[in-house]
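One structure is given below, encoded as C-alpha cells.
Readers should treat all values here as calculations from the given coordinates under stated rules, not as data from a laboratory. The structure presented is a predicted model; accordingly, all values stated were derived computationally and were not measured.
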Amino acid sequence: MPAALTRREWLRLSAGALLSLGVWPGRLRGADAPAHDDFTFIAVNDLHALEDACRPWFESVVRQMKASAPTAEFCLLGGDLADNGTSAQLTLIKNSFSALGVPCHAVVGNHDYQSDTDRSAYERIFSEQINYSFAHRGWQIIGLDSSEGTKSKGTRISATTLTWLDQNLSKLDLRRPTILFTHFPLGDSVLARPLNADYLLERCYGLNLQAVFCGHFHGFTERPFRHSIITTDRCCSRVRSNHDGSPEKGWFVCQAVNGEIKRRFVEFRPNESRGDSLSFDPHVITRPITYH
C-alpha cells in the first residue's frame, strides 16, 4: 500500500485510480484462476417476518422467486429474517423458503435478536450460520455476523467476527472468485455502516472478491471496493418500508459468469401470484416507517 494513502483513502480508490498507481492486482480470469463454473443464485435481505398474516406474502415471494430464477442453485438471506427474533417468526421464514427447493444461507441481523444478548432462536433455527464459509462450483462464499445485539446505528463488528476472519482466511484459496455477505452495510458512507467496517474490509484485501451483498439499509446503494461492488438492496418485507422512499420490494437474481457477478433486481408483485387473492396492499406499512 502506498505510504501516502490512509486506509480509508485506499478503500475508496476506484479501479481506474488503482491502475494509475500501478497497484491494481487485477481480476483472476481464464487460465489465471482455478477452475470454476457458471451458476445462478438469489440474494434477498430484510424480510422482517412479524406475524402469521405474513405467511401468504412469503409464499408468494418464494413462488415468484422460483419463476424469476428457475435455475437458481442457492439463496442468500441477508439478515433481519424476523422482526423481533422470535421462534415463530424465524420458523415462518425457514418453512416458507424451504419451498424454494435449494439451500438457503443466512446471516444474522439486529432484528433476529430478542434482546441485546439473546439470539438463541436464530442460532437454533439457522444453526451454524453466524460466521462461516462454503464452496460452490469453484467459488467461495463467506457469511459474516456484523451485528451488535439489537442496535441499529453506531454499531461495531465484534471481535469474534474479526478473529474468525483472521483464523479462517488462510484456509481459503485467495485466487478463487469469492462472494461476501453481511447484514449491516459495508459500503463507504452508507447509512448505519458499522464504525469499524474498514477493519473487516482490510482483512479481505487478498481475496479475489467479486461481490459483497449487504442489507439493513432498505434501499439500493452501490459502492466500489477494489475489484468488486458492495451493494445494499430494497427490503422484501410486508410490514416495513424502504428507507430511501422507493416503493418496490424484491430481490436480486445473480449470475456468476466467467468469474464475475452480474445481478438484476426483480420486483415482487403481490397481486400477480399464481391463484393468490392477497387482501393487503403491498405499500401499506403496519410498522413505523422509521429507521430500524
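Under 30 Å Cα to Cα from Lys151, which lysines show up? Leave out anything in the same chain fewer than 8 places away.
Correct list for Lys151: Lys94, Lys249.
In Å, the Kirkwood hydrodynamic radius of region 68-216 over pairs of distinct alpha carbons?
Working: mean 1/r = 0.0634 Å⁻¹.
In region 68-216 this quantity evaluates to 15.8 Å.
In whole Å, how far is the Cα centre of region 129-157 from that of region 36-110?
Region 129-157 and region 36-110 have Cα centres spaced 16 Å from each other.
By how many nm would the segment from Asp166 to Tyr205 lengthen if fully extended, with 0.36 nm per residue of separation less the alpha-carbon distance?
Using 0.36 nm per residue and subtracting the Cα-Cα distance, I get 12.8 nm.
Under 17 Å Cα-Cα from Lys262, which aspartates and glutamates qualify once same-chain neighbours fewer than 8 residues away are excluded?
Excluding near neighbours in sequence, the set is Asp37, Asp38, Glu73, Glu222, Asp233.
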